[in-house]
Amino acid sequence: MPAAQKPMRYGHTEGHTDVCFDDSGSYIVTCGSDGDVRIWEDLDDDDPKSINVGEKAYSCALKNGKLVTAVSNNTVQVHTFPEGVPDGILTRFTTNANHVVFNVDGTRIAAGSGDFLVKIVDVADSSQQRTLRGHDAPVLSLSFDPEDVFLASASCDGSVRVWQISDQTCVVSWPLLQKCNDMTNAKSICRLAWQPTDGKLLAIPVEKSVKLYRRETWSHQFDLSDNFISQTLNIVTWSPCGQYLAAGSINGLILVWNIETKDCMERVKHEKGYAICGLAWHPTRRQISYTDAQGSLGLLENVCSSPSRTPGSKVSSREEKDYNDLFDGDDTSNAGDFLNDNAVEIPSFSRRIINDDEDDDDLMMASGRPRQRSHILEDDENSVDVTMLKTASSLLKEEEEDDQEGSIHNLVTSQRPLYEGPLPTPRQKPFQPGSTPLHLTHRFMVWNSVGIIRCYNDEQDSAIDVEFHDSSMHHATHLSNTLNYSIADLSPEALLLACESTDELASKLHCLHFSSWDSSKEWLIDMPQKEDVEAVCLGQGWAAAATSALLLRLFTIGGVQKEVFSLPGPVVSMAGHGEQLFVVYHRGTGFDGDQCLGVQLLELGRKKRQVLHGDPLPLTRRSYLAWVGFSAEGTPCYVDSEGIVRMLNRGLGDTWTPICNTREHCKANSDHYWVVGIHEMPTTGRCIPCKGSRFPPTLPRPAVAVLPFKLPYCQIATDKGQMEEQYWRSVTFHHHLAYLADNGYEYEESTKNQAIKAQQELLMKMLALSSKLERDFRCVELADLMTQNALSLAIKYASRSGKLMLAQRLSELAAGKAAELAAASVEPEEEEDCRKKLSAGYSNTAPEWSQSGLKNPVEDDAEDSGEADDAEEEPEAGLCGLNSFCKSANFSDVPAKAEGAVISSSQGRVNPFKVSANSKEPGRSVNSPHSSNILDNMTKSSKKSTAVHRATSSEKSPVIKPLIPKPKSKQVSAASYFQKRTSQANKTEEQKEENSKNLSSEAPAISHENVENQRPKTGFQMWLEENRSNILSENPDFSDEADIIKEGMTRFRGLSAEERKAWTNKAKGEAAADEAEAKKRKRVADASDETKIQEEAAKENLNLPKKQKPLELCTNQKLSAFAFKQE
């Protein structure tokens, strides 16, 4: 199986870096250009021990507890290992030492420097030195012969020499390298190496191959190369067994050859292609540690391992070393057998049979814990089923002869089942959000939006420092930590501390209530025996503590004990904000590296309720929880170890939405961001960058960076993907406004309005983009997310773009949305009307909500959009029955001229010229119903007129058939009587649009007397004069003439067809049925002849109706054509 390449991590600053293992392979030691030597327990060690040896460290070697380094001050120093105590200087040079190596037994070191010299020094007595002279340029590398007879060296003079140590003479020299004047300018550092054990071969990296020379004969044996090598090889190292040879190139390629077969076994490419300058093979495992020229550290595992065997490592994972600490109580040993292949070695089956003299019920695992019969999860190849063990044990008791042991073993092993499924994952330990690990002597106990709590536990002092971001809230505090507090939380009201129990003392919960108005500002509570506090948090007026007894205890901020309830599993972490409590716990055992966590979200206000009922907490594969908390606006959030930030999406059924990946902002794989706070407005996170670690040091004070949030949408580089991400990010991050409103909190209404405006702008941009791409169906989908105002603009855009089918679809969508809004508004009005009826008695007028089904949905749309309509159009019952969005087939020409809107006609609607021949529409044919503008359907009335229309709609008949052809004179005359005429005969479309904006302010300015003198009265005008006083008495708030006219038109439409026809006949001069109607006609009409009035009106407006005599077809056509020319 191929080698596993673990992600590289930060080791040192940029520059040459060297690496080696200790004798046992328990530690990785590195040195770099920052002058530090770091001791790593494994690659995941976030807190390596660091030893400063100088300004720069060029090379390091470790043997027998002695750490030797070549330092930039021209010295070779010795430190004890692993203590790191300085132990003197072995030798000095006139320039920097470039390389230092130990011999096999660790008694001598060899060092080569830039002054062309090679020195061999005894470690025990540094005065015993031997100097090898002969190179004409700085020495690049050295290697001791395993038999301690020869020493090989490479130099910038281009030669590789072999020296005999005893007489300090050069045995052989090969001109293999390119010449240069310094190590920094060398194309390759040529780190050569002798084969271990017998030293039979000397490996030298030369250009794109490795040359191997035989010992003593110094003949060239063979070369190792590969087609994938494109750059010069830089370094070689042997496996401890001497069977494999690894090499690294200057472009980051690592190769491993089998010396016997000369086959290339492994090929691994550096993540970023940096030069490999350090290479070390683990002394006992199939692992290679390597460093690059940028100071990063990497590890290869399972190098040249067969598929049947996967060797473990003590260095490969900290979880394998400390996995016992990840389990609590009695589960420790049992889980260890399942999870750690190397911690417990299971003996073979036959050996267990021989040593087992007890009954099958007493069979024990190697850990000492009884094995469950139903689950055998051992990953060892000798694992067998308990039933097989029982059978073998009973057979062995019956026959104790040695010759039968082998047959039993063969019988069982042939039938044993092997478990090859996923293994359980160690449970994550409890932690406090914003805290660093407990084992650190100087650590953060809490870093949150309120302040910082630091803990110092060293030989001199054990104290806690509390610092507030806002010093006006409270001054900084210094506390002694005599009780060894390890858990803390900080809020604007109090400081909460907790400690574990000891043999003498119980676990304690200590609160410093610094916002208290009395003199007693702290309280202390002891937990019951054998119950430790594992997590704490603070909210507004309350404190909570989760204990090892799976209990969550609530307290007031003053120390009063409140509710206690059980948790479904061991707590992992908690957070509080206001009245909200966020609890994460283990809901089960995870497998294959995954954690199985659950979450509860409770509200602890006056009305206590549980929002999340133990729902699973989603995490990235093979990750663990790193931080939990709330945003500054009060939305629960959390971060996992892979850097994914997730937030509760209240608008999507309380699901978790990933809002940021902090790893995308890291420069190296070993870098991380330590989250300390999240903000929704603006959408940013406050994080501390940690170079080469998962958490920051306490000193110096780390700087806080601000990361922008970005939702993981597809094709984010395109305009479409970018706008989609921006829209849904805005929607997601503004759900908290609805939560605040529902819970009675105050918030700025302007913030919500700005967010909605920005969202609608993005939707319009996406609709325009989809329209250009001929994605009309997608346009309708986007329009479904719009408000009524934005939808009106979308319809206008589609109409002007020539996409009439899209405009029609959007119009139908707007009709549906308007109907939904109307239905939603009926419910509160219905309740209010019911209360009025119950209190004031019954009235003769039908209630508004009883006729809600006859309302015009467009008028409801007008209430939401806030746009006023300057003219009402009489609905045609037959058309409105087919299309609820259709207002009328009869349109007044004067309002149309003022608004600049084109008269609507769509597929399946009656031609408007059949009803009214006075509509003026430029460039439209009478027989082209699809060419009309849809925007006239979106005309909206004011809130007042809508309310009056609802109140009087109950008087309408269910079906009102249009009057043909007489209704055209009724509608046109009524509208033209109250509408200001324009003297301009020809207007452009732009002028009409400009007039439509000022329509609401211009139209009502017409005086009643002037219009009456210009035009003859119609039936509606006579009816309005008769009922004006009633309208004003019922609506005393009507101060505008336009409101009275609209209310009158609404009521006039509610009359029956016979009543309206009677009023029309009175206005046209027909004989009255009785004398009362004749008197009313005389008060309204002029004494002059009716025929003269009609002729005078015809001169003023050609669109006014004629006599009752119907027009000829050709006359209608001519009048229509004339109306077009008029426009």
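Just to confirm, what accessible area per residue do you get for the range 722-819 at 1.4 Å probe, in whole Å²?
Values: 5030 Å² over 98 residues.
On a per-residue basis, 51 Å².
Please give the contour-minus-distance gain from HIS665 to ALA823: 0.36 nm per residue of separation, less the Cα-Cα distance, rounded to one decimal in nm. Write out the running numbers ahead of the final one.
On the way: separation 158, 0.36 × 158 = 56.88 nm, distance 4.89 nm.
Full extension of this stretch gives 52.0 nm more.
Taking R0 as 60 Å, what FRET efficiency do you get between VAL171 and SER462 from their Cβ-Cβ distance, rounded to the nearest 0.05?
Values: r = 62 Å, r/R0 = 1.03.
Efficiency, rounded to the nearest 0.05: 0.45.
Quick one: pull the percent of accessible area on the range 652-692 belonging to carbon and sulfur, 1.4 Å probe, ligands and nucleic acids left out. Kindly include the intermediate steps, with their values, before the conclusion.
Working: 930 of 1680 Å².
So the carbon and sulfur contribution to the accessible surface is 55 percent.
FRET efficiency for GLU642 and SER519, Cβ-Cβ distance as r, R0 = 56 Å, nearest 0.05?
0.70
Run the accessible area of the range 4-301 with a 1.4 Å probe and give the carbon-and-sulfur part as a rounded percent.
It is 45 percent, rounded to a whole number.
Express the carbon and sulfur contribution to the solvent-accessible surface of the range 722-819 as a percent, rounded to the nearest whole number, probe 1.4 angstrom.
On the way: 2610 of 5030 Å².
Carbon with sulfur: 52 percent of the solvent-accessible area.
Give me the distance between the Cα centres of the range 75-123 and the range 551-621, rounded to whole Å.
About 57 Å separates the Cα centre of the range 75-123 from the one of the range 551-621.
Under a 1.4 angstrom probe, counting protein chains only, how are TYR419, TYR638 ranked by accessible area, largest first?
Numbers: TYR419 80, TYR638 0 Å².
The ranking, largest first, comes out as TYR419, TYR638.
7 Å from Cα along Cα→Cβ at both GLU1059 and ALA703: what's the point-to-point distance in nm?
Reported label-point gap for GLU1059 and ALA703 is 8.1 nm.
Before anything else, pin down the relative contact order of the range 4-301: Cα pairs under 8 Å, at least 6 apart, normalised by residue count, whole percent.
Working: 881 pairs, mean separation 43.9, N = 298.
Reported relative contact order: 15 percent.
Which value, in debye to the nearest 20, gives the size of the charge dipole of the range 722-819 about its Cα centre, when Lys and Arg are +1 and Asp and Glu are -1 at the Cβ?
Values: 12 positive and 12 negative charges, 110 e Å.
Around 520 debye, computed over the range 722-819.
If packing is taken as the average number of other Cβ atoms within 10 Å across a peptide's residues, how do 8-20, 1028-1040, 715-727 rank, most packed first? Please report the intermediate quantities before stating the final value.
On the way: 8-20: 22.1, 1028-1040: 12.0, 715-727: 15.1.
So the peptides 8-20, 1028-1040, 715-727, ranked by packing, come out 8-20, 715-727, 1028-1040.
Would you mind putting 552-563, 640-651 in packing order, based on average other-beta-carbon counts within 10 Å, highest first?
Values: 552-563: 16.0, 640-651: 19.9.
Sorting 552-563, 640-651 by mean packing, highest first, produces 640-651, 552-563.
Once R0 is set to 30 Å, what does the formula 1/(1 + (r/R0)^6) return for the Cβ-Cβ distance between SER801 and ILE756, expressed as a FRET efficiency to the nearest 0.05? Numbers along the way, then the final one.
Working: r = 25 Å, r/R0 = 0.83.
Result of the calculation: an efficiency of 0.75.
Which whole-number value in Å² is the accessible area per residue of the range 4-301, probe 1.4 Å? Kindly include the intermediate steps, with their values, before the conclusion.
Details: 10790 Å² over 298 residues.
Each residue of the range 4-301 exposes 36 Å² on average to a 1.4 Å probe.
Peptides 449-462, 475-488: what's the order by average Cβ count within 10 Å, highest mean first? Before the final figure, lay out each step's value.
Working: 449-462: 16.6, 475-488: 15.0.
Peptide ranking by packing, descending: 449-462, 475-488.
Out of residues 5 or more away from GLU534 or on other chains, whose amide H comes under 5 Å of its own, with H placed 1.01 Å from N in the peptide plane?
Result for GLU534 returns ALA546, THR547, SER548.
LEU773: net charge of surrounding residues, Cβ under 11 Å, Lys/Arg +1, Asp/Glu -1, itself excluded? Spell out each step's value before the answer.
Numbers: positive: LYS720, LYS772, ARG775, ARG778; negative: ASP719, GLU774, ASP776.
Neighbourhood net charge equals +1.
Around GLY11, which amide H atoms from residues at least 5 apart in sequence, or from another chain, sit under 5 Å from its own amide H, with H modelled in the peptide plane?
For GLY11, whose amide H was placed from the backbone, the distant partners under 5 Å are SER296, LEU297.
Going 7 Å from the Cα of ASP654 toward and past its Cβ, which residues in the range 610-638 have a backbone nitrogen under 11 Å from where you end up?
610-616
Once fully extended, how much extra length lies between TRP728 and THR13, figured as 0.36 nm per residue of separation less the alpha-carbon to alpha-carbon distance?
Details: separation 715, 0.36 × 715 = 257.40 nm, distance 4.04 nm.
Separation in residues times 0.36 nm, less the Cα-Cα distance, equals 253.4 nm.
Do the alpha carbons of any pairs in LYS56/LYS272; LYS119/LYS691; LYS429/LYS508 sit beyond 27 Å of each other, and which pairs? Display every interim value, and only then the final one.
Values: LYS56/LYS272 24 Å; LYS119/LYS691 37 Å; LYS429/LYS508 19 Å.
The answer is LYS119/LYS691.
Label points 7 Å out from Cα along the Cβ direction at THR80 and THR441: separation in nm?
Spacing of the two 7 Å Cα→Cβ label points: 1.6 nm.
What full-extension length gain, to one decimal in nm, is calculated for GLU746 and LYS269 as 0.36 nm per residue of separation minus the Cα-Cα distance? Each step should come with its number before you reach the end.
Numbers: separation 477, 0.36 × 477 = 171.72 nm, distance 5.69 nm.
Gain in length upon complete extension: 166.0 nm.
The values are calculated or read from the model by the stated rules, or taken from the named source; none is laboratory data. Small disclaimer: the values here were computed from a predicted structure and weren't measured. Note: ideal-geometry Cβ built from the backbone for every residue, glycine included; neighbour counts use all protein chains shown. Heavy atoms of the whole protein, side chains included, go into the accessibility calculation; ligands, DNA and RNA do not. Shrake-Rupley method; radii C 1.70, N 1.55, O 1.52, S 1.80 Å.
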